[in-house]
Amino acid sequence: MKSFLKICTIFILLLNTVLGNPEKKIVKIGLGYSGRSYDPHKHTDSSTLAITKQIYNNLFILDNENEVKGELIENYSIKNNTIEMDLKRGILFQDGEELNSEIVKKSLERNKSIPVTKVLVDPIEKLEVIDKYKLRIICTTNVDILLHNLTHSSMAIVKEDKNKKLVGTGAFKLLEWGTGQKVILEKNDNYFKGSPKIDILEFLTIPEAPNRYIALETNEIQIAYDISSIDVKAFKNSKDLEILNKLSYGTDFLSINTEKAPLNDKRLRQAISYAIDKDSINEVIFENTSKVANSIITPNTFGYSNKEEKKYNLEKAKKIMKDYKTPIEIELWIYEDTSKYQMAQIIQANLKEIGIDVKIQTLELSSFLQLTAQGKHNALIGLWYTSTGDADYGYYPLLHNNSRGGVGNRSFYNNQRVNTLLDEARKEPVKEKRKEKYEEIQEIILDENPIIPIVYKTYNIGINKNIKGFKFNPNGNHILENIEY
C-alpha cells in the first residue's frame with residue numbers, strides 16, 4: 001500500500017510539473033559589447049540602450065515615417081513654446097505603482113542633472129504638473145526638437161522602487177545584470193500593451209562577430225546584432241537563418257582633436273580628408289553593404305543635405321602637404337572592434353601616402369570613452385547615432401562648444417558661426433528655415449573637417465527564422481516586446 005501511495009505521489013508531482021510549470025520560452029540575443037548598466041540616463045551607448053529599451057518606455061516614439069507619436073502619452077497639444085500632455089491611464093511600473101505626472105516630472109528632472117542626457121532636455125525651461133495625469137512643458141526652443149529628443153531611448157521614464165533600484169513600465173523587467181556579460185530579463189505580465197509571449201530574454205556578450213554568427217548557427221542564440229559583412233553571405237544558403245540589412249541613424253567618422261597641434265590647422269585636416277579613400281573602406285570592410293557618408297547625420301534624418309563631400313583626391317592632398325614638414329606623427333585611437341581596426345588600418349595606409357605616420361591605439365571601450373572625453377587623443381574613429389531623427393541631436397552634441405568632452409564634442413571644436421547657427425536653429429519655428437541653418441553647418445564642417453564622415457552604418461542582424469515579431473529600430477534599440485519563438 002505504501003509503495004502504491006509513493007507511486008501516486010510521484011505521478012502527481014510529475015503531472016504538476018508538466019501541466020503547472022510549462023517550460024519557459026527563452027530567447028537569447030548576442031551583442032558585441034556588454035551593457036554598462038540598467039540606467040538609461042547615465043549610459044547611452046548602444047549596447048546598454050539595446051537592453052534598457054526592453055525595460056522602460058518613453059513619452060514619445062518615432063514611427064516608420066520618422067514622425068513623433070505618443071507611447072506613454074495619450075494625446076498632447078502645442079501652443080507657442082508649450083506642450084501640454086495627457087498620460088495614458090492605468091500604466092503600472094514593474095513594482096506596481098501607477099504612472100503619474102509627478103513621476104514623469106521627476107524622471108525628466110533627473111535627465112537634466114546628468115551631463116550625458118542634459119543636452120536632450122536643455123530645451124526644457126519649466127515643468128508643471130497640472131493634475132495626476134496632465135503636465136505642461138515650457139520650452140526655450142523649437143518644440144519639435146524637444147519632441148524628437150524625448151523619443152531618444154535615454155529619455156525613458158524611470159522611477160526608484162522602495163530599494164532605490166530603477167524600475168520601468170516596459171515589457172520586460174530586470175532579473176539579473178551581474179557584470180553585463182549576461183543580462184536576464186523576465187516578462188512583465190502587467191505590461192500595458194499586453195503580456196509578452198516570451199518569458200525570458202537573455203542578452204549575451206559575444207565580442208567577436210564570427211563567434212556571434214557561429215552561436216546563431218548552432219542555436220546558442222536566436223538573434224545576433226552586428227553580423228559582419230563577411231558573414232552575411234553565409235545566410236544566403238541557410239535554411240534556418242535570415243539576415244536583416246537596413247540603414248540606421250548611425251555614422252562612422254574620423255574625429256580630429258582640433259586643440260592638438262598640428263591638427264588644429266584646418267588645411268592639414270583638409271589634406272587628411274582628401275587622402276581617405278572612403279570607397280575602399282566601404283568595399284573592403286563592408287563589402288559595399290554600407291553607404292559612403294557626406295554628413296554626420298544620415299539621409300533618413302531631418303536636416304540632412306546631400307552636399308558633396310571631399311572626394312578621394314590624393315593629388316590635392318599631396319599638394320596641400322607640400323607646405324608641411326613631414327613626416328607628421330599622430331595617434332589614432334579606436335575601441336575594440338574589428339571593423340574599427342580595419343578602418344584604422346586603411347586610414348593609416350592612406351595617410352602614409354601623404355607623409356602622415358599613424359600609430360593605431362586600441363582601447364577598451366570604457367577607457368576609450370573616458371580618455372577621449374578628457375581630450376587625451378589626437379584623433380579617433382567614432383560612431384554616432386542621431387537617434388532622435390532630428391539634426392539637432394547630430395550636430396549640437398558633436399559640434400557645439402557647450403558639448404565639448406563627454407557630452408559628445410570630442411573634436412573639441414569651437415566655431416562661433418556653428419555655435420550661433422545651432423542656437424538659432426533651436427529657436428527657429430519654421431522647419432524649412434531650420435533646415436537651411438543645418439545645411440550651412442554641413443558646408444562649414446565639410447570645409448573645416450573637425451569630423452570627417454566615413455560611412456553610414458547599416459545594420460546586419462541575424463535572426464533565426466522561427467523568431468517572429470522582431471521590430472527593427474534605426475537607432476539600434478530594436479523592439480522585442482512582440483517577438484515569438
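The values are calculated or read from the model by the stated rules, or taken from the named source; none is laboratory data. Quick caveat: nothing in here was measured; it's all calculated off a predicted structure. Glycine gets a Cβ as well: all are built from the backbone with ideal geometry, and neighbour counts include every protein chain shown.
In table form, for the structure just shown:
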read-out: Scope the range 1-47; condition over 30 Å from Pro210 (Cα atoms), modelled with pLDDT under 90, in a loop (DSSP other than H, G, I, E, B) and of a type outside the set (A, V, I, L, M, F, W, C); matching residues; value: Asn21, Pro22, Glu23
read-out: Residue count, the range 109-123 (criterion: touching a helix residue (DSSP H, G or I) at 6+ places or on another chain (Cβ under 7 Å) and buried (at least 19 other Cβ atoms within 10 Å of the Cβ)); value: 6
read-out: Any hit, the range 423-432, residues being in contact with a Leu (Cβ under 8 Å, 6 or more places away or on another chain) and assigned by TED's automatic domain parsing to the domain that holds Thr298; value: no
read-out: Selected residue (criterion: surrounded by the fewest Cβ atoms within 10 Å (Cβ to Cβ)) from residues of the range 408-428 that are of a type in the set (Lys, Arg) and at pLDDT below 95; value: Lys427
read-out: Unmet requirement for Ser77, which otherwise passes all of (1) in a loop (DSSP other than H, G, I, E, B); (2) assigned by TED's automatic domain parsing to the domain that holds Asp161; value: (1)
read-out: Members of the range 237-268 that are among the charged types (D, E, K, R) and under 14 Å from Leu380 (Cβ atoms); value: Asp252, Glu259, Lys260
read-out: Cβ pairs under 7 Å, 6+ apart, first in the range 24-39 and in the same structural domain as Lys159 (by TED's automatic domain parsing), second among the hydroxyl-bearing types (Ser, Thr, Tyr) and surrounded by 20 or more Cβ atoms within 10 Å (Cβ to Cβ); value: none
read-out: Conditions (1) within 26 Å of Asp252 (Cα to Cα); (2) touching a helix residue (DSSP H, G or I) at 6+ places or on another chain (Cβ under 6 Å); (3) in contact (Cβ under 8 Å) with a residue 40 or more places away in the chain; number of the one not met by Thr52; value: (2)
read-out: One residue from Leu263, Leu254 being touching a Lys or Arg at 6+ places or on another chain (Cβ under 9 Å), assigned by TED's automatic domain parsing to the domain that holds Thr372 and either more than 15 Å from Leu446 (Cα to Cα) or in a strand (DSSP E or B) (or both); value: Leu263
read-out: Unique residue being surrounded by 22 or more Cβ atoms within 10 Å (Cβ to Cβ) and more than 30 Å from Gly375 (Cβ to Cβ) when the list is Ile198, Ile256; value: Ile198
read-out: Cross-chain or 6+ apart pairs with Cβ under 7 Å, the range 397-425 first and within 14 Å of Ile445 (Cβ to Cβ) and aliphatic (A, V, I, L, M), then surrounded by fewer than 18 Cβ atoms within 10 Å (Cβ to Cβ) and modelled with pLDDT of 95 or more; value: Val418/Ile444; Leu421/Glu440
read-out: Count of residues meeting criterion [in contact with a helix residue (DSSP H, G or I) (Cβ under 9 Å, 6 or more places away or on another chain), more than 24 Å from Gly389 (Cα to Cα) and buried (at least 18 other Cβ atoms within 10 Å of the Cβ)] in the range 57-104; value: 1
read-out: Residue among Val143, Val183 that is of a type in the set (A, V, I, L, M) and under 21 Å from the mean Cα position of the chain (by Cα); value: Val183
read-out: Breaking point among (1) closer than 23 Å to Gln54 by Cα; (2) buried (at least 20 other Cβ atoms within 10 Å of the Cβ), for Ile137; value: (1)
read-out: Selection count where residues are surrounded by fewer than 19 Cβ atoms within 10 Å (Cβ to Cβ), hydroxyl-bearing (Ser, Thr, Tyr) and either at pLDDT 95 or above or not in a loop (DSSP other than H, G, I, E, B) (or both), scope the range 325-344; value: 2
read-out: Strands (runs of 3 or more DSSP E) wholly inside the range 149-243 containing at least 1 residues that are among the β-branched types (Val, Ile, Thr); value: 182-187, 200-205
read-out: Unique match (being at pLDDT below 95, surrounded by fewer than 23 Cβ atoms within 10 Å (Cβ to Cβ) and assigned by TED's automatic domain parsing to the domain that holds Ile334) among Gly355, Gly405, Gly375; value: Gly405
